[in-house]
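**Student:** Just dropping this structure here.
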Amino acid sequence: MRAASRLARPERAALVGLIAGRARRLDAERSLDELAGLARAAGAQVVLRVLQERPRPDPSTFLGAGKVQTLAASCAETAVDVVIVDNELTPAQLRQIEEAVERKVIDRTQLILDIFARRARTREGKLQVELAQLRYLLPRLVGAGAALSRLGGGIGTRGPGETKLETDRRRIRTRIHVVAEDIESVRQRRAQLRERRHKASVPTVALVGYTNAGKTTLFNRLTNADAEASDALFVTLDPLVRQVRLPDSRELLVSDTVGFIDRLPHALVAAFRATLEEVAEADLVLHVIDAAAPDRERRMAAVRQVLEEVGATAVPALEVYNKCDALSADERRRLLDQDPSSLCVSALSGDGVGELIETVASRLALDVRRMTLTFDPDDPADRERMGRVYRHTRVLAHETRDGRVSIIADVPRRLASRFERE
Ligand SMILES: Nc1nc2c(ncn2[C@@H]2O[C@H](COP(=O)(O)OP(=O)(O)OP(=O)(O)O)[C@@H](O)[C@H]2O)c(=O)[nH]1
Ligand SMILES: [Mg+2]
(Lines give C-alpha, C1' and ligand atoms only; values in the text may rest on other atoms or scores of the structure.)
(Ligands and ions follow the chains in the order given, each with its own letter.)
Protein backbone atom coordinates (compact mmCIF):
# COMPACT_ATOMS: atom_id res chain seq x y z
CA MET A 1 0.00 0.00 0.00
CA ARG A 2 1.25 3.40 -0.94
CA ALA A 3 -1.52 5.57 0.40
CA ALA A 4 -1.12 9.34 0.48
CA SER A 5 -1.25 9.26 4.26
CA ARG A 6 2.18 7.66 4.09
CA LEU A 7 3.60 10.64 2.23
CA ALA A 8 5.41 12.98 4.57
CA ARG A 9 3.95 16.16 3.02
CA PRO A 10 0.90 17.07 0.95
CA GLU A 11 1.30 16.39 -2.75
CA ARG A 12 2.24 19.46 -4.77
CA ALA A 13 -0.23 19.92 -7.58
CA ALA A 14 -0.23 21.79 -10.88
CA LEU A 15 -3.67 22.64 -12.27
CA VAL A 16 -4.18 22.73 -16.03
CA GLY A 17 -7.18 24.04 -17.94
CA LEU A 18 -8.28 25.46 -21.25
CA ILE A 19 -9.84 28.80 -22.10
CA ALA A 20 -12.30 28.04 -24.86
CA GLY A 21 -12.19 31.63 -26.19
CA ARG A 22 -11.17 35.10 -25.10
CA ALA A 23 -14.64 35.78 -23.69
CA ARG A 24 -14.50 32.62 -21.62
CA ARG A 25 -11.45 33.53 -19.55
CA LEU A 26 -13.53 34.22 -16.43
CA ASP A 27 -15.34 30.87 -16.75
CA ALA A 28 -12.01 29.10 -17.09
CA GLU A 29 -10.59 30.93 -14.04
CA ARG A 30 -13.62 29.97 -11.94
CA SER A 31 -13.48 26.41 -13.13
CA LEU A 32 -9.81 26.27 -12.10
CA ASP A 33 -10.69 27.81 -8.71
CA GLU A 34 -13.17 25.01 -8.24
CA LEU A 35 -10.54 22.48 -9.31
CA ALA A 36 -8.23 23.95 -6.67
CA GLY A 37 -10.94 23.36 -4.05
CA LEU A 38 -11.24 19.77 -5.24
CA ALA A 39 -7.45 19.32 -5.14
CA ARG A 40 -7.38 20.60 -1.56
CA ALA A 41 -10.22 18.26 -0.64
CA ALA A 42 -8.02 15.45 -1.95
CA GLY A 43 -5.18 16.60 0.30
CA ALA A 44 -3.02 18.36 -2.27
CA GLN A 45 -1.37 21.76 -2.18
CA VAL A 46 -1.76 23.78 -5.36
CA VAL A 47 1.58 25.29 -6.43
CA LEU A 48 1.00 26.02 -10.12
CA ARG A 49 -1.90 27.06 -12.36
CA VAL A 50 -1.69 26.87 -16.13
CA LEU A 51 -4.40 28.05 -18.53
CA GLN A 52 -4.10 27.94 -22.29
CA GLU A 53 -6.41 29.68 -24.73
CA ARG A 54 -7.51 27.02 -27.21
CA PRO A 55 -10.91 26.45 -28.81
CA ARG A 56 -10.66 22.71 -28.19
CA PRO A 57 -8.19 20.27 -26.63
CA ASP A 58 -5.41 18.87 -28.78
CA PRO A 59 -6.51 15.28 -29.49
CA SER A 60 -3.17 13.79 -28.49
CA THR A 61 -1.57 16.16 -25.98
CA PHE A 62 -4.60 18.13 -24.67
CA LEU A 63 -2.57 21.37 -24.50
CA GLY A 64 -0.61 22.41 -27.57
CA ALA A 65 2.71 20.59 -27.99
CA GLY A 66 4.75 23.70 -27.13
CA LYS A 67 2.67 24.43 -24.04
CA VAL A 68 3.19 20.88 -22.80
CA GLN A 69 6.94 21.43 -22.93
CA THR A 70 6.62 24.68 -20.94
CA LEU A 71 4.42 22.83 -18.47
CA ALA A 72 7.08 20.14 -18.06
CA ALA A 73 9.73 22.77 -17.31
CA SER A 74 7.55 24.63 -14.79
CA CYS A 75 6.66 21.36 -13.08
CA ALA A 76 10.34 20.56 -12.64
CA GLU A 77 11.05 24.07 -11.35
CA THR A 78 8.28 24.05 -8.74
CA ALA A 79 8.74 20.39 -7.75
CA VAL A 80 5.25 19.35 -8.77
CA ASP A 81 4.17 15.82 -7.83
CA VAL A 82 0.93 15.64 -9.72
CA VAL A 83 -0.60 17.40 -12.72
CA ILE A 84 -4.38 17.75 -12.53
CA VAL A 85 -6.24 18.47 -15.75
CA ASP A 86 -9.64 20.17 -15.53
CA ASN A 87 -11.24 18.01 -18.24
CA GLU A 88 -11.76 14.32 -18.68
CA LEU A 89 -8.75 13.03 -20.63
CA THR A 90 -8.69 10.24 -23.17
CA PRO A 91 -6.32 7.40 -22.25
CA ALA A 92 -4.02 8.55 -25.08
CA GLN A 93 -3.89 12.16 -23.85
CA LEU A 94 -3.18 10.96 -20.35
CA ARG A 95 -0.22 8.89 -21.51
CA GLN A 96 1.18 11.61 -23.75
CA ILE A 97 1.14 14.27 -21.05
CA GLU A 98 2.53 11.84 -18.52
CA GLU A 99 5.43 11.08 -20.82
CA ALA A 100 6.12 14.76 -21.44
CA VAL A 101 5.98 15.99 -17.84
CA GLU A 102 7.41 12.80 -16.33
CA ARG A 103 5.11 12.80 -13.37
CA LYS A 104 1.68 11.59 -12.40
CA VAL A 105 -1.20 13.07 -14.38
CA ILE A 106 -4.85 12.77 -13.35
CA ASP A 107 -8.02 14.34 -14.71
CA ARG A 108 -10.97 16.03 -13.07
CA THR A 109 -13.01 12.83 -12.99
CA GLN A 110 -10.26 10.87 -11.28
CA LEU A 111 -9.83 13.65 -8.74
CA ILE A 112 -13.53 13.64 -7.85
CA LEU A 113 -13.52 9.84 -7.63
CA ASP A 114 -10.52 10.08 -5.30
CA ILE A 115 -12.32 12.50 -2.96
CA PHE A 116 -15.33 10.23 -2.90
CA ALA A 117 -13.07 7.27 -2.07
CA ARG A 118 -11.62 9.24 0.86
CA ARG A 119 -15.02 10.29 2.17
CA ALA A 120 -16.96 7.04 1.83
CA ARG A 121 -17.74 5.68 5.28
CA THR A 122 -20.59 3.22 4.94
CA ARG A 123 -20.49 -0.06 3.06
CA GLU A 124 -22.96 1.32 0.57
CA GLY A 125 -20.92 4.43 -0.07
CA LYS A 126 -17.72 2.42 -0.49
CA LEU A 127 -19.36 0.02 -2.92
CA GLN A 128 -20.74 2.86 -5.00
CA VAL A 129 -17.39 4.61 -5.22
CA GLU A 130 -15.63 1.37 -6.06
CA LEU A 131 -18.06 0.68 -8.88
CA ALA A 132 -17.52 4.15 -10.33
CA GLN A 133 -13.73 3.80 -10.08
CA LEU A 134 -13.72 0.38 -11.71
CA ARG A 135 -15.87 1.61 -14.57
CA TYR A 136 -13.56 4.55 -15.06
CA LEU A 137 -10.48 2.34 -14.88
CA LEU A 138 -11.57 -0.41 -17.26
CA PRO A 139 -11.27 1.39 -20.61
CA ARG A 140 -8.04 3.04 -19.43
CA LEU A 141 -6.27 -0.16 -18.58
CA VAL A 142 -4.88 -0.91 -22.03
CA GLY A 143 -1.15 -0.57 -21.88
CA ALA A 144 -1.36 1.68 -18.85
CA GLY A 145 0.24 -0.90 -16.59
CA ALA A 146 3.73 0.51 -16.81
CA ALA A 147 2.64 4.10 -16.42
CA LEU A 148 0.34 3.35 -13.50
CA SER A 149 2.83 1.28 -11.60
CA ARG A 150 5.26 4.16 -11.30
CA LEU A 151 2.62 6.48 -9.88
CA GLY A 152 3.86 5.96 -6.35
CA GLY A 153 0.62 6.47 -4.43
CA GLY A 154 -1.34 9.58 -3.61
CA ILE A 155 -4.28 11.09 -5.41
CA GLY A 156 -5.86 8.90 -8.02
CA THR A 157 -4.40 5.70 -6.65
CA ARG A 158 -6.69 5.21 -3.68
CA GLY A 159 -9.46 2.66 -3.93
CA PRO A 160 -9.38 -0.16 -6.42
CA GLY A 161 -6.59 1.50 -8.39
CA GLU A 162 -3.95 0.45 -5.93
CA THR A 163 -5.02 -3.13 -5.31
CA LYS A 164 -6.02 -3.97 -8.87
CA LEU A 165 -3.04 -2.65 -10.74
CA GLU A 166 -1.75 -6.05 -11.74
CA THR A 167 -5.17 -7.45 -12.29
CA ASP A 168 -6.34 -8.05 -15.81
CA ARG A 169 -9.49 -6.65 -17.29
CA ARG A 170 -11.33 -9.91 -16.85
CA ARG A 171 -10.92 -9.75 -13.10
CA ILE A 172 -12.04 -6.14 -13.05
CA ARG A 173 -15.14 -7.09 -15.04
CA THR A 174 -15.90 -9.86 -12.56
CA ARG A 175 -15.47 -7.43 -9.69
CA ILE A 176 -17.75 -4.88 -11.39
CA HIS A 177 -20.36 -7.59 -11.64
CA VAL A 178 -20.07 -8.51 -7.95
CA VAL A 179 -20.13 -4.90 -6.75
CA ALA A 180 -23.06 -4.05 -9.00
CA GLU A 181 -25.01 -6.97 -7.53
CA ASP A 182 -24.21 -5.88 -3.99
CA ILE A 183 -25.37 -2.38 -4.82
CA GLU A 184 -28.54 -3.75 -6.31
CA SER A 185 -29.36 -5.52 -3.05
CA VAL A 186 -28.67 -2.30 -1.15
CA ARG A 187 -30.96 -0.53 -3.58
CA GLN A 188 -33.73 -3.02 -2.95
CA ARG A 189 -33.33 -2.66 0.80
CA ARG A 190 -33.60 1.10 0.42
CA ALA A 191 -36.70 0.74 -1.70
CA GLN A 192 -38.27 -1.44 1.01
CA LEU A 193 -37.45 1.12 3.67
CA ARG A 194 -38.97 3.86 1.54
CA GLU A 195 -42.06 1.73 1.00
CA ARG A 196 -42.38 1.29 4.75
CA ARG A 197 -42.04 5.04 5.29
CA HIS A 198 -44.62 5.62 2.61
CA LYS A 199 -47.01 3.27 4.37
CA ALA A 200 -46.39 5.14 7.59
CA SER A 201 -47.41 8.09 5.44
CA VAL A 202 -44.71 10.46 6.56
CA PRO A 203 -43.87 12.96 3.81
CA THR A 204 -40.20 13.32 2.91
CA VAL A 205 -38.25 16.39 1.93
CA ALA A 206 -34.87 15.95 0.21
CA LEU A 207 -32.14 18.58 0.46
CA VAL A 208 -30.15 18.81 -2.74
CA GLY A 209 -27.66 21.32 -4.04
CA TYR A 210 -24.18 22.09 -5.22
CA THR A 211 -21.40 20.83 -3.00
CA ASN A 212 -20.62 23.25 -0.15
CA ALA A 213 -23.99 25.07 -0.54
CA GLY A 214 -24.78 24.46 3.13
CA LYS A 215 -27.11 21.46 2.87
CA THR A 216 -25.81 19.72 5.97
CA THR A 217 -25.77 22.96 7.98
CA LEU A 218 -29.43 23.49 7.02
CA PHE A 219 -30.19 19.83 7.72
CA ASN A 220 -28.71 20.20 11.20
CA ARG A 221 -30.67 23.40 11.75
CA LEU A 222 -33.96 21.79 10.67
CA THR A 223 -33.49 18.53 12.55
CA ASN A 224 -31.38 19.55 15.54
CA ALA A 225 -28.76 17.07 14.41
CA ASP A 226 -25.01 17.48 14.40
CA ALA A 227 -23.91 15.91 11.14
CA GLU A 228 -20.50 16.94 9.85
CA ALA A 229 -20.56 20.21 7.93
CA SER A 230 -17.38 21.87 6.79
CA ASP A 231 -15.93 24.27 4.27
CA ALA A 232 -14.59 21.51 2.07
CA LEU A 233 -16.08 19.88 -1.00
CA PHE A 234 -18.07 16.66 -0.83
CA VAL A 235 -18.11 16.33 2.95
CA THR A 236 -21.37 14.39 2.85
CA LEU A 237 -21.61 11.18 0.86
CA ASP A 238 -24.00 8.94 2.70
CA PRO A 239 -27.64 9.88 2.91
CA LEU A 240 -28.99 10.87 6.31
CA VAL A 241 -32.66 10.91 7.18
CA ARG A 242 -34.15 12.57 10.28
CA GLN A 243 -37.55 13.41 11.55
CA VAL A 244 -38.81 16.97 11.88
CA ARG A 245 -41.95 18.12 13.64
CA LEU A 246 -43.77 20.97 11.95
CA PRO A 247 -45.29 23.81 13.99
CA ASP A 248 -48.74 22.25 13.53
CA SER A 249 -47.26 19.05 15.03
CA ARG A 250 -47.23 17.07 11.81
CA GLU A 251 -44.11 15.03 11.14
CA LEU A 252 -41.95 14.92 8.10
CA LEU A 253 -38.64 13.35 7.17
CA VAL A 254 -35.74 15.39 5.87
CA SER A 255 -32.86 13.79 3.99
CA ASP A 256 -29.39 15.15 3.34
CA THR A 257 -27.20 13.60 0.71
CA VAL A 258 -24.21 13.89 -1.59
CA GLY A 259 -23.66 17.29 -3.18
CA PHE A 260 -23.60 17.90 -6.90
CA ILE A 261 -20.96 19.59 -9.01
CA ASP A 262 -20.55 20.81 -12.55
CA ARG A 263 -19.62 17.86 -14.77
CA LEU A 264 -20.25 15.31 -12.05
CA PRO A 265 -18.75 12.13 -13.53
CA HIS A 266 -21.44 9.98 -15.12
CA ALA A 267 -19.91 6.87 -13.59
CA LEU A 268 -20.58 8.42 -10.17
CA VAL A 269 -24.14 9.44 -10.93
CA ALA A 270 -24.80 5.91 -12.17
CA ALA A 271 -23.13 4.32 -9.16
CA PHE A 272 -24.96 6.60 -6.70
CA ARG A 273 -28.33 5.80 -8.24
CA ALA A 274 -29.44 3.98 -5.08
CA THR A 275 -28.64 7.04 -2.97
CA LEU A 276 -30.14 9.47 -5.43
CA GLU A 277 -33.38 7.54 -5.67
CA GLU A 278 -34.12 9.03 -2.25
CA VAL A 279 -34.34 12.34 -4.06
CA ALA A 280 -36.45 11.06 -6.95
CA GLU A 281 -38.96 9.57 -4.49
CA ALA A 282 -39.24 12.56 -2.19
CA ASP A 283 -42.45 14.56 -1.82
CA LEU A 284 -40.54 17.82 -2.08
CA VAL A 285 -37.02 18.76 -3.12
CA LEU A 286 -35.34 21.71 -1.43
CA HIS A 287 -32.69 23.04 -3.77
CA VAL A 288 -30.17 24.70 -1.46
CA ILE A 289 -28.25 27.47 -3.23
CA ASP A 290 -25.13 29.27 -2.05
CA ALA A 291 -26.50 32.77 -2.64
CA ALA A 292 -23.05 34.28 -2.16
CA ALA A 293 -21.29 32.20 -4.84
CA PRO A 294 -20.21 34.42 -7.74
CA ASP A 295 -21.16 31.74 -10.26
CA ARG A 296 -24.48 30.97 -8.60
CA GLU A 297 -26.41 30.58 -11.87
CA ARG A 298 -23.94 28.08 -13.32
CA ARG A 299 -24.15 26.00 -10.15
CA MET A 300 -27.94 26.08 -10.16
CA ALA A 301 -27.92 24.88 -13.76
CA ALA A 302 -25.52 22.05 -12.87
CA VAL A 303 -27.83 20.93 -10.05
CA ARG A 304 -30.90 21.00 -12.31
CA GLN A 305 -29.02 18.88 -14.81
CA VAL A 306 -28.15 16.21 -12.24
CA LEU A 307 -31.76 16.22 -11.00
CA GLU A 308 -32.79 15.51 -14.54
CA GLU A 309 -30.23 12.75 -14.83
CA VAL A 310 -31.56 10.97 -11.72
CA GLY A 311 -35.17 11.31 -12.80
CA ALA A 312 -36.20 13.78 -10.11
CA THR A 313 -37.74 16.45 -12.33
CA ALA A 314 -41.28 15.34 -11.50
CA VAL A 315 -40.77 16.08 -7.79
CA PRO A 316 -41.96 19.57 -6.81
CA ALA A 317 -38.92 21.70 -5.97
CA LEU A 318 -38.40 24.78 -3.83
CA GLU A 319 -35.32 26.93 -4.33
CA VAL A 320 -33.74 28.14 -1.11
CA TYR A 321 -31.06 30.83 -1.15
CA ASN A 322 -28.70 30.04 1.71
CA LYS A 323 -25.78 32.06 3.15
CA CYS A 324 -27.84 35.24 2.81
CA ASP A 325 -25.90 36.58 5.81
CA ALA A 326 -22.91 36.78 3.45
CA LEU A 327 -24.77 39.03 0.98
CA SER A 328 -24.63 42.80 1.09
CA ALA A 329 -27.96 44.63 1.46
CA ASP A 330 -27.70 45.51 -2.23
CA GLU A 331 -27.16 41.93 -3.35
CA ARG A 332 -30.02 40.77 -1.19
CA ARG A 333 -32.33 43.37 -2.75
CA ARG A 334 -31.26 42.34 -6.25
CA LEU A 335 -32.05 38.72 -5.44
CA LEU A 336 -35.52 39.62 -4.19
CA ASP A 337 -36.13 41.87 -7.19
CA GLN A 338 -35.30 38.98 -9.47
CA ASP A 339 -37.79 36.73 -7.73
CA PRO A 340 -39.94 38.26 -4.98
CA SER A 341 -40.94 34.82 -3.72
CA SER A 342 -37.30 33.75 -3.14
CA LEU A 343 -36.59 32.24 0.20
CA CYS A 344 -33.48 33.82 1.73
CA VAL A 345 -32.10 32.00 4.70
CA SER A 346 -28.97 31.64 6.74
CA ALA A 347 -28.55 28.08 7.93
CA LEU A 348 -25.65 29.37 10.00
CA SER A 349 -27.55 32.01 12.00
CA GLY A 350 -31.02 30.52 11.61
CA ASP A 351 -32.38 33.65 9.91
CA GLY A 352 -35.34 32.86 7.67
CA VAL A 353 -35.42 29.20 8.66
CA GLY A 354 -38.77 29.61 10.45
CA GLU A 355 -40.27 31.04 7.29
CA LEU A 356 -38.74 28.20 5.30
CA ILE A 357 -40.41 25.65 7.56
CA GLU A 358 -43.75 27.45 7.11
CA THR A 359 -43.33 27.38 3.34
CA VAL A 360 -42.44 23.69 3.36
CA ALA A 361 -45.44 22.96 5.55
CA SER A 362 -47.79 24.84 3.27
CA ARG A 363 -46.24 23.34 0.14
CA LEU A 364 -46.82 19.88 1.54
CA ALA A 365 -50.29 20.91 2.65
CA LEU A 366 -51.31 22.37 -0.71
CA ASP A 367 -52.33 19.00 -1.94
CA VAL A 368 -54.99 18.34 0.69
CA ARG A 369 -58.62 17.42 1.04
CA ARG A 370 -60.75 18.79 3.85
CA MET A 371 -62.44 15.89 5.64
CA THR A 372 -64.67 15.39 8.64
CA LEU A 373 -63.74 12.26 10.54
CA THR A 374 -65.55 10.76 13.54
CA PHE A 375 -64.20 8.57 16.28
CA ASP A 376 -65.29 6.66 19.35
CA PRO A 377 -62.93 7.85 22.10
CA ASP A 378 -63.58 4.70 24.12
CA ASP A 379 -62.28 2.45 21.37
CA PRO A 380 -58.50 1.98 21.63
CA ALA A 381 -58.19 1.46 17.85
CA ASP A 382 -60.05 4.71 17.23
CA ARG A 383 -57.84 6.52 19.70
CA GLU A 384 -54.82 5.33 17.74
CA ARG A 385 -56.40 6.56 14.52
CA MET A 386 -56.95 9.95 16.09
CA GLY A 387 -53.28 10.04 16.96
CA ARG A 388 -52.43 9.37 13.32
CA VAL A 389 -54.77 12.14 12.19
CA TYR A 390 -52.96 14.56 14.48
CA ARG A 391 -49.56 13.47 13.24
CA HIS A 392 -50.24 13.51 9.54
CA THR A 393 -52.94 16.06 8.89
CA ARG A 394 -53.72 19.62 9.79
CA VAL A 395 -56.51 19.61 12.35
CA LEU A 396 -58.89 22.58 12.04
CA ALA A 397 -61.57 21.63 14.55
CA HIS A 398 -62.10 19.02 17.25
CA GLU A 399 -65.53 18.53 18.84
CA THR A 400 -67.00 16.01 21.25
CA ARG A 401 -70.74 15.52 21.05
CA ASP A 402 -72.85 12.61 22.37
CA GLY A 403 -69.72 10.64 23.22
CA ARG A 404 -68.33 10.87 19.64
CA VAL A 405 -65.33 12.91 18.58
CA SER A 406 -65.55 14.69 15.31
CA ILE A 407 -62.45 16.18 13.72
CA ILE A 408 -62.26 18.47 10.70
CA ALA A 409 -58.84 18.17 9.09
CA ASP A 410 -56.90 18.94 5.93
CA VAL A 411 -55.66 15.52 4.89
CA PRO A 412 -52.83 15.10 2.35
CA ARG A 413 -54.52 13.85 -0.79
CA ARG A 414 -52.47 10.68 -1.00
CA LEU A 415 -53.69 9.70 2.49
CA ALA A 416 -57.30 10.69 2.01
CA SER A 417 -58.44 7.30 0.82
CA ARG A 418 -56.80 5.64 3.81
CA PHE A 419 -58.51 7.86 6.35
CA GLU A 420 -61.78 7.41 4.49
CA ARG A 421 -61.52 3.65 4.72
CA GLU A 422 -60.80 3.87 8.40
N1 LIG B 1 -21.90 32.40 5.89
C2 LIG B 1 -22.57 31.26 5.87
N3 LIG B 1 -21.91 30.10 5.76
C4 LIG B 1 -22.65 28.95 5.73
C5 LIG B 1 -24.06 28.96 5.83
N6 LIG B 1 -24.49 27.67 5.76
C7 LIG B 1 -23.37 26.90 5.63
N8 LIG B 1 -22.26 27.67 5.62
C9 LIG B 1 -20.87 27.21 5.52
O10 LIG B 1 -20.64 26.62 4.26
C11 LIG B 1 -19.75 25.51 4.37
C12 LIG B 1 -20.36 24.28 3.78
O13 LIG B 1 -21.44 23.86 4.56
P14 LIG B 1 -22.01 22.36 4.54
O15 LIG B 1 -23.28 22.37 5.32
O16 LIG B 1 -20.97 21.39 4.88
O17 LIG B 1 -22.34 22.24 2.96
P18 LIG B 1 -22.88 20.98 2.15
O19 LIG B 1 -23.78 21.52 1.10
O20 LIG B 1 -23.45 19.97 3.08
O21 LIG B 1 -21.54 20.47 1.47
P22 LIG B 1 -21.08 18.98 1.00
O23 LIG B 1 -21.69 17.96 1.88
O24 LIG B 1 -19.61 19.05 1.13
O25 LIG B 1 -21.53 18.86 -0.43
C26 LIG B 1 -19.44 25.39 5.86
O27 LIG B 1 -18.21 26.04 6.11
C28 LIG B 1 -20.58 26.11 6.53
O29 LIG B 1 -20.24 26.67 7.78
C30 LIG B 1 -24.73 30.21 5.96
O31 LIG B 1 -25.94 30.33 6.06
N32 LIG B 1 -23.93 31.33 5.98
MG1 LIG C 1 -22.94 18.05 3.43
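The values are calculated or read from the model by the stated rules, or taken from the named source; none is laboratory data. All figures in this text were calculated on a predicted structure; none of them were measured in a lab. Ideal geometry is used to build each Cβ from the backbone, glycine not excepted, and the neighbour counts take in all protein chains shown. When the accessible area is computed, the model is the full protein with side chains, heavy atoms only, and any ligands, DNA or RNA have been set aside. Shrake-Rupley method; radii C 1.70, N 1.55, O 1.52, S 1.80 Å.
**Student:** Between D379, D295, D262, where does the largest GNM mean-square fluctuation fall for the chain, given springs only between Cα atoms within less than 10 Å?
**Tutor:** Residue with maximal mean-square fluctuation among D379, D295, D262: D379.
**Student:** For segment 269-386, what does the accessible surface come to per residue with a 1.4 Å probe? Please give it in Å².
**Tutor:** Ligands and nucleic acids excluded, the result is 49 Å² per residue.
**Student:** Quick one, could you list the DSSP H helices from the chain stretching 15 Å or more along their long axis (Cα atoms) with average Kyte-Doolittle hydropathy of -1.0 or above?
**Tutor:** 25-41, 65-77, 91-101, 108-119, 123-137, 353-366
**Student:** Need one number: nm distance between label points at E102 and E88, each 7 Å from Cα along Cα→Cβ, rounded to one decimal.
**Tutor:** Taking the two extended label points, one gets 3.2 nm.
**Student:** Ranking request for peptides 283-293, 180-190: highest mean number of other beta-carbon atoms within 10 Å first, then the rest in descending order.
**Tutor:** Result, highest mean first: 283-293, 180-190.
**Student:** Using label points projected 7 Å from each Cα along Cα→Cβ, tell me how many nm separate L138 and L348, to one decimal.
**Tutor:** Label at L138, label at L348, 4.4 nm between them.
**Student:** Quote to one decimal, in nm, the extra length available between E297 and S341 on full extension: 0.36 nm per residue of separation minus the C-alpha distance between them.
**Tutor:** This chain segment gains 14.1 nm when fully extended.
**Student:** Test of understanding: what is the full-extension gain from E309 to R121, defined as 0.36 nm times their sequence separation minus their Cα-Cα distance?
**Tutor:** So the chain would gain 65.2 nm between E309 and R121.
**Student:** Still on this structure: Is any residue of segment 270-300 close enough, with backbone N under 14 Å, to a label point placed 7 angstrom from the Cα of A225 along the Cα-Cβ axis, and if so, which?
**Tutor:** It comes to 278-279, nothing else.
**Student:** Order these peptides, 204-210, 119-125, 267-273, by their mean beta-carbon neighbour count within 10 angstrom, highest first.
**Tutor:** 204-210, 267-273, 119-125
**Student:** Which parts of segment 392-415 would a label at S249 reach, counting a residue when its backbone N lies under 12 Å from a point 7 Å out along Cα-to-Cβ?
**Tutor:** Hits in segment 392-415 for S249 at 12 Å: 392-398.
**Student:** Of all the accessible heavy-atom surface of segment 275-422, with the other protein chains kept in place and a 1.4 Å probe, what percent is carbon and sulfur?
**Tutor:** Taking all protein chains in place, segment 275-422 shows 46 percent carbon and sulfur surface.
**Student:** Using θ = phi - 60° and the Karplus curve 6.51 cos²θ - 1.76 cosθ + 1.60, what whole-Hz ³J(HN,Hα) does each residue of segment 339-349 get, with Gly and Pro shown as x?
**Tutor:** Result, rounded to whole Hz: 8, x, 8, 4, 9, 9, 10, 10, 5, 5, 8.
**Student:** Taking θ as phi - 60°, what are the ³J(HN,Hα) couplings along segment 51-59 by the Karplus curve (6.51, -1.76, 1.60), each to the nearest whole Hz, with x for Gly and Pro?
**Tutor:** Using θ = phi - 60°, the values come out as 10, 10, 7, 7, x, 8, x, 5, x Hz.
**Student:** Ordering R135, R296 from largest to smallest accessible area (1.4 angstrom probe), what's the sequence?
**Tutor:** R135, R296
**Student:** Quick one: if the Förster radius is 22 Å, what FRET efficiency do E53 and D33 give, using the C-beta to C-beta distance and rounding to 0.05?
**Tutor:** The value I calculate is 0.80.
**Student:** Specify the residue with the greatest mean-square fluctuation among R394, R22, R54, computed from a Gaussian network of the chain linking alpha-carbon atoms under 10 Å apart.
**Tutor:** R22
**Student:** Note down the nm distance, to one decimal, between modelled labels 7 Å out along Cα→Cβ at A329 and at R173.
**Tutor:** Placing both labels 7 Å beyond Cα along the Cβ direction yields 6.8 nm.
**Student:** Mind checking the full-extension length gain between E384 and S185? Use 0.36 nm per residue of separation minus the Cα-Cα distance, one decimal, nm.
**Tutor:** Gain on stretching E384 to S185: 68.2 nm.
**Student:** Search the structure for amide H atoms under 5 Å from the amide H of L343, placed 1.01 Å from N in the peptide plane, and list their residues when 5 or more places away or on another chain.
**Tutor:** Y321
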